[in-house]
């Protein structure tokens, strides 16, 4: 492997390591060398190799992976894989759409398909590199662009989650390469000059049959809102439980929670707890730990997001059309007094920043109402150490964790209402500083790492 190729393939391996959680069942199509499967750290790794000589060589090396001929080896596989890698491979496959249709047999709703594809802008430079011996010569390339690939994935019913530009300078120059490939590439306008893109898609969505739901309600000094919150909770197809977590109130919030729990006789169960720690984030995590539903959501007790609108979040998750439903207060007309001007400016600014960090467009990352599956939350919680435990709100580590797992995230517009009882627990400047700290930390993990 040439010096140029080693730097390029090492960069792809770094992208794979970030995108694939360890311990999964991983299938790699077009296996050429060990870097990508090793970066994925699979519990079970299978490589499909097109070159018979290379296949024989790999089979003798005692690697902890299973190697099969491509494409014949597809007929020897069964069951769904957690990750399917086509890194540096789609340009050599004669019929990509046919392959994607065949691969659907090995995917489930949580499967992630990870591709890399060159930019056509780099075709002359790559041809020159081949002529100079800096890159191995390849014949019959498709030159499939990221847009072409996304179109094929859409046709095959495999929704695209994200595309990420990688590499402006494909050779190692101390400091210069890091600056261009980790920092400058994320400057608006420069991403279109990237050598290649990582495209992540998910398995074909499948609807859930009436999943149960747990609604987590962190509440501090919200006694006057809780009765209306419970009465207005929508009747959903699946069983619903309401988990009320009290956080050091002085207005009788705990007593009101207990009254509602003892009086509950409707289509849902009410569970209550007193918060063991401090802050909304701690209350949210405590509520999630208590919850038993297949789907989990956060609903602020101030009724600024109408409880009735949880039905829209539920339908989005139950249908399989999304994996992470994020409330958005910036689409519909807001009730007068619901959001102060500086808060609105801050919401727009942080939404742009976090959307850039996460790699998926979200218009309102500061809305407290979010819904995801219990299984995905448990995976996020297991990897929480990647981002630290300093989220004061309880929903930003959900956003970061969902992006880390390549979950499909979509906004659900809500009608934002003004508070009728009590005062907000948000401290604009102190919490704004904490949000900025989280953004800087996430930048190191998502963009500069």
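A short reminder: the numbers here are calculations on the coordinates, not readings from a lab. Nothing here was measured: the structure is a model prediction, and the numbers come from that model. Neighbour counts are summed over all protein chains in view; Cβ atoms, including those assigned to glycine, are modelled from backbone coordinates with ideal geometry.
From helices alone, the chain scores -10000 deg cm²/dmol at 222 nm; the rule is -39500 (n - 2.57) for each run of n ≥ 4 DSSP H residues, then divide by the residue total.
Please label the shape of region 85-191 as rounded, prolate or oblate, based on the square roots a ≥ b ≥ c of the eigenvalues of the alpha-carbon gyration tensor (a/c under 1.5 means rounded; beyond that, a/b larger than b/c means prolate, else oblate). It would help to have the intermediate numbers written out before the result.
Details: a/c = 2.41, a/b = 1.46, b/c = 1.65.
Oblate, because a/c is 1.5 or more while a/b does not exceed b/c.
Take the alpha carbon gyration tensor of region 239-288, find the square roots of its eigenvalues, order them as a ≥ b ≥ c, and report rounded if a/c is under 1.5; if not, report prolate when a/b exceeds b/c, else oblate. In terms of gyration-tensor shape, oblate. Can you give the % of DSSP beta bridges in region 3-202 that are antiparallel, to the nearest 5? Counting only bridges with both partners in region 3-202, antiparallel ones make up about 45 percent.
Whole-percent P(r), region 254-325, all Cα pairs, 10 Å bins from 0: 15, 43, 36, 6.
Mean projection of the alpha-carbon convex hull of the chain over all orientations, in nm²?
Working: hull surface 91.7 nm².
One quarter of the hull surface, i.e. the mean projection, equals 22.9 nm².
For the chain, the antiparallel share of DSSP beta bridges with both residues in that region comes to about 35%. Considering only alpha-carbon pairs that sit under 8 angstrom and 6 or more positions apart, the relative contact order computed for the chain is 13 percent. Computed from Cα atoms, the angle from the helix 3-19 axis to the main principal axis of the chain rounds to 30 degrees. Residues considered: 353, 310, 113. Largest GNM mean-square fluctuation over the chain, using C-alpha springs under 10 Å, is found at 353.
Between helix 341-358 and the chain there is an angle of about 30 degrees, using the helix long axis and the longest principal axis of the Cα atoms.
Kirkwood-based Rg over Rh for region 3-202 (C-alpha set), two decimals? Provide the component values of the computation, followed by the final result.
Details: Rg = 16.5 Å, Rh = 17.4 Å.
Dividing the radius of gyration by the Kirkwood radius yields 0.95.
Entry note, region 209-269: relative contact order of 45 percent, from Cα contacts under 8 Å with a spacing of 6+ residues. Taking 124, 22, 109 as the candidate residues, the one with maximal mean-square fluctuation in a Gaussian network model of the chain, Cα springs under 10 Å, is 124.
Would region 156-242 count as rounded, prolate or oblate if I go by the C-alpha gyration tensor, calling it rounded below 1.5 in a/c and otherwise prolate when a/b exceeds b/c, oblate otherwise? Don't skip to the end; give the middle numbers.
Details: a/c = 4.99, a/b = 2.16, b/c = 2.31.
Verdict is oblate for region 156-242.
Summarising the label geometry, the points placed 7 Å from Cα in the beta-carbon direction at residue 75 and residue 171 lie 4.7 nm from one another. Counting only alpha carbon atoms, the long axis of helix 146-155 and the longest principal axis of the chain meet at about 70°.
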